[in-house]
1. Taking 0.36 nm per residue of sequence separation and subtracting the Cα-Cα distance, how much length would be gained by fully extending the chain between A92 and E212, in nm to one decimal?
2. Run the simple label-point estimate for H234 and R99 please: 7 Å along Cα→C-beta, distance reported in nm.
3. DSSP loop (so not H, G, I, E, B), at most 10 other Cβ within 10 Å: list which trypsin sites (Lys or Arg not before Pro) in segment 92-160 pass both filters.
4. Which residue, chosen from G77, F104, L158, occupies the Cα position most advanced towards the positive end of the dipole of segment 36-164, where the dipole is computed from +1 (Lys, Arg) and -1 (Asp, Glu) charges on Cβ about the Cα centre?
5. Applying 1/(1 + (r/R0)^6) with R0 = 41 Å to the Cβ-Cβ distance of L245 and T145, what FRET efficiency is obtained, to the nearest 0.05?
6. Taking amide H positions as placed 1.01 Å from N in the peptide plane, with prolines and chain starts having none, which residues 5 or more places from V72, or on another chain, fall under 5 Å of its amide H?
7. Percent relative contact order of segment 36-164, based on C-alpha pairs within less than 8 angstrom and at least six residues apart?
8. Evaluate E = 1/(1 + (r/R0)^6) for T165 and Q113, where r is the Cβ-Cβ distance and R0 equals 35 Å; express this FRET efficiency to the nearest 0.05.
Amino acid sequence: MPRLAIVRAMPSLPDCRRLASLLTLVSSLLTAQAAEVSPAERVETSPGLSPDAVRRAFDSQRQTLTSCMRLVSIQRGKDKAPHSFEFVPWKAGPDTDDRIRVRFTLAPDGKVQKEERNTDAWGVRSLFLDTGCVEERVKTWSFPTFPGNHDERVQVELWARFRTTEAERTAAATRLREFYGDFCKALSALKVTQQPQAGVEWRATIKRFLAEHGARVDPRIGTAMQAVGDIAGHDVPGAISIYELSMEESLATTIPCPKLRAWVKEG
């Protein structure tokens, strides 16, 4: 009897398969959170500020760069014309370099200098991250102050790594699609029909929407969505072009927004 009870308590083959599927699902959910910018591996500074001080500031802000994950690349257009190009989904190869190099200049107040004449002292190098997005993030960071007159500067170069998975990149693309879809829904919910009036209403709606959602996406996307509202009252085709180009640049696809298209017909 005891042996029979043990046999009956063992899970059936379908149960084992369901358990395996559940474990796979849990694993995928965990790996979807794997994106991480590593602590700085190497930091070099010119006299005026220690590498350790910069390292600590970078490490406290580094995770904001995960929203800059590269999802799209640019390649030559299918028609092979000299200036033709298209956006395509980016895929990392097994040997893709995961290093990040960031160069920037600091003023005595600890602020990153947004205008730098020496181009060698400013810029981002990364294959896994969109470099333009990283630059916009870094410009908003704060670093320790250092004694010096208004014109003194400290040059910084640091290296880190970006770790991610295919599951995380898929999840990031899904979140972006939801962002654009919710953006369209927010505009479509407006009841105004006349374009000049709608321009005013749209700007207010977009401002509220970005206040709630914009911090989690590439800052350039937020800027593009603001531009949609700024010009929608007098240039609807231009607003649509910005909206769709932003999607192509960040997702290599477009999600139609009927409200914007309806405005074109009204015009």
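1. 40.1 nm
2. Taking the simple label geometry, H234 and R99 are separated by 5.0 nm.
3. When the trypsin sites (Lys or Arg not before Pro) of segment 92-160 are filtered for loop state and at most 10 Cβ neighbours within 10 Å, R117 remain.
4. Of the options given, the answer is G77.
5. 0.55
6. W90
7. Reported as a whole number, the value is 38 percent.
8. The calculated FRET efficiency here is 0.50.
Every number in this text was worked out from the coordinates using simple rules, so none of it is lab data. Note that the structure is predicted; figures quoted are calculated from it, not measured. When we count neighbours, we look across all protein chains shown, and the Cβ atoms used for this are built from the backbone with ideal geometry, even at glycine.
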